[in-house]
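Read the structure below first, then the notes.
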Amino acid sequence: MISHTGALFTDGPVRRVLDLAAAVRDSGGALSLDAELRRFIRTTRATVATDWVCPLATVTALLDHVAGLCADGTEAAPQEFRRLLERAGAGTDAAAYLHSLAGRLRALAQDPRDDYDELPLARWEIGVRFPRLSGFGVNWVYEGEYETLQDSIQAAIDSEHPYCGEFLTPLAAEAQSALVLFPGEQAMADGLSAVVGWASPTALRDLLRAVDDHMQREHAVLS
């Protein structure tokens, strides 16, 4: 097998779906496969960019394609992938199980139920949807190097100046998204702060204000 084609099995959407299915199997009934697949669908559609790069129809087509490879008895799939597939499917026929996952995703996508009150964000979703907010806490807040959060924010911004657009654009976008998804202290405490410990509505608004002030002061073109 050519090494770069192995990524079809070891990374990407097929692996993500199987990881979720295996987590459900390992949970002993605590997790629901349909709920986790709905979260996967919601994640693929979270932005136009993610849906453009890999629409759900492509994900299900890949699952069916890999199922066909398994049915043909090909040895292309690495051992790591075969172990994951066996764990997720509990030893059922590999091809049939992959086809069933593809079919389930298609069915669930036709009946989306992605309301956040009904289907709260899982920890893995928060990790995928808010990686910059998580990383900001690790790099700038939790070690206590700065006396206040405002000092941490300013230090982070200054560290990237003058090439700060690449750093600040996704960070600010995640902060604004979190304020919309988790309006109010309690909603954010229940839905985000357990994973992103420094996040609160006040903290995120301070971040957005600091980013806006910096961009206006240092980067706006004077007319």
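Couple of notes before you dig in:
- The combined condition, being out of contact with any helix residue (DSSP H, G or I) (no Cβ under 7 Å at 6 or more places or on another chain), outside the structural domain of Ser32 (by TED's automatic domain parsing) and either surrounded by 16 or more Cβ atoms within 10 Å (Cβ to Cβ) or at pLDDT 90 or above (or both), is fulfilled by Ser159.
- Single unsatisfied condition, Asp115 versus (1) charged (D, E, K, R); (2) assigned by TED's automatic domain parsing to the domain that holds Arg209; (3) in a loop (DSSP other than H, G, I, E, B): (2)
- Members of the stretch 46-65 found to be surrounded by 13 or more Cβ atoms within 10 Å (Cβ to Cβ), within 25 Å of Pro170 (Cα to Cα) and either small (Gly, Ala, Ser) or touching a His at 6+ places or on another chain (Cβ under 9 Å) (or both), listed by number: Ala46
- Scan of the stretch 194-214 for residues that are among the polar types (S, T, N, Q) and either touching a Gly at 6+ places or on another chain (Cβ under 7 Å) or surrounded by fewer than 18 Cβ atoms within 10 Å (Cβ to Cβ) (or both), ordered by number: Thr202
- The condition of being more than 27 Å from Glu118 (Cβ to Cβ), assigned to a loop (DSSP other than H, G, I, E, B) and at pLDDT below 95 holds for only one of Glu143, Glu166, that being Glu143.
- Hey, Gly165 on the phi > 0 side of the Ramachandran plot and loosely packed, with under 14 Cβ neighbours inside 10 Å or not: no
- You will find that of Thr5, Thr43, the residue that is farther than 30 Å from Ser177 by Cβ, of a type in the set (S, T, N, Q) and assigned to a helix (DSSP H, G or I) is Thr5 and no other.
This table checks each residue for (1) part of a helix (DSSP H, G or I); (2) of a type outside the set (Phe, Trp, Tyr); (3) out of contact with any Lys or Arg (no Cβ under 8 Å at 6 or more places or on another chain).
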{"position": "Phe9", "(1), (2), (3)": "yes, no, no"}
{"position": "Arg16", "(1), (2), (3)": "yes, yes, yes"}
{"position": "Leu31", "(1), (2), (3)": "no, yes, yes"}
{"position": "Arg39", "(1), (2), (3)": "yes, yes, yes"}
{"position": "Ala61", "(1), (2), (3)": "yes, yes, yes"}
{"position": "Ala67", "(1), (2), (3)": "yes, yes, yes"}
{"position": "Ala77", "(1), (2), (3)": "no, yes, yes"}
{"position": "Phe81", "(1), (2), (3)": "yes, no, no"}
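- Of all residues in the stretch 96-128, exactly one satisfies the criterion of being surrounded by 18 or more Cβ atoms within 10 Å (Cβ to Cβ) and of a type in the set (Asp, Glu), namely Glu125.
- A count restricted to the stretch 71-95 and to residues that are farther than 17 Å from Arg25 by Cα, without any contact (Cβ under 8 Å) to a residue 60 or more places away in the chain and surrounded by 13 or more Cβ atoms within 10 Å (Cβ to Cβ) stands at 2.
- Test: residue in the stretch 130-138 that is within 16 Å of the chain's Cα centre (by Cα), in a helix (DSSP H, G or I) and either among the aliphatic types (A, V, I, L, M) or at pLDDT below 90 (or both): yes
- Restricting Asp11, Asp19 to residues that are within 15 Å of the chain's Cα centre (by Cα) and modelled with pLDDT under 95 narrows the list to Asp11.
- Within the stretch 169-183, the presence of at least one residue that is without any contact (Cβ under 8 Å) to a residue 24 or more places away in the chain and surrounded by 17 or more Cβ atoms within 10 Å (Cβ to Cβ) is confirmed.
- If the condition is being of a type in the set (Val, Ile, Thr), without any contact (Cβ under 8 Å) to a residue 40 or more places away in the chain and assigned to a helix (DSSP H, G or I), then the stretch 46-59 contributes Val48, Thr50, Val53.
The values are calculated or read from the model by the stated rules, or taken from the named source; none is laboratory data. Small disclaimer: the values here were computed from a predicted structure and weren't measured. All Cβ positions, even for glycine, are placed from backbone atoms using ideal geometry, and neighbour counts span all protein chains on display.
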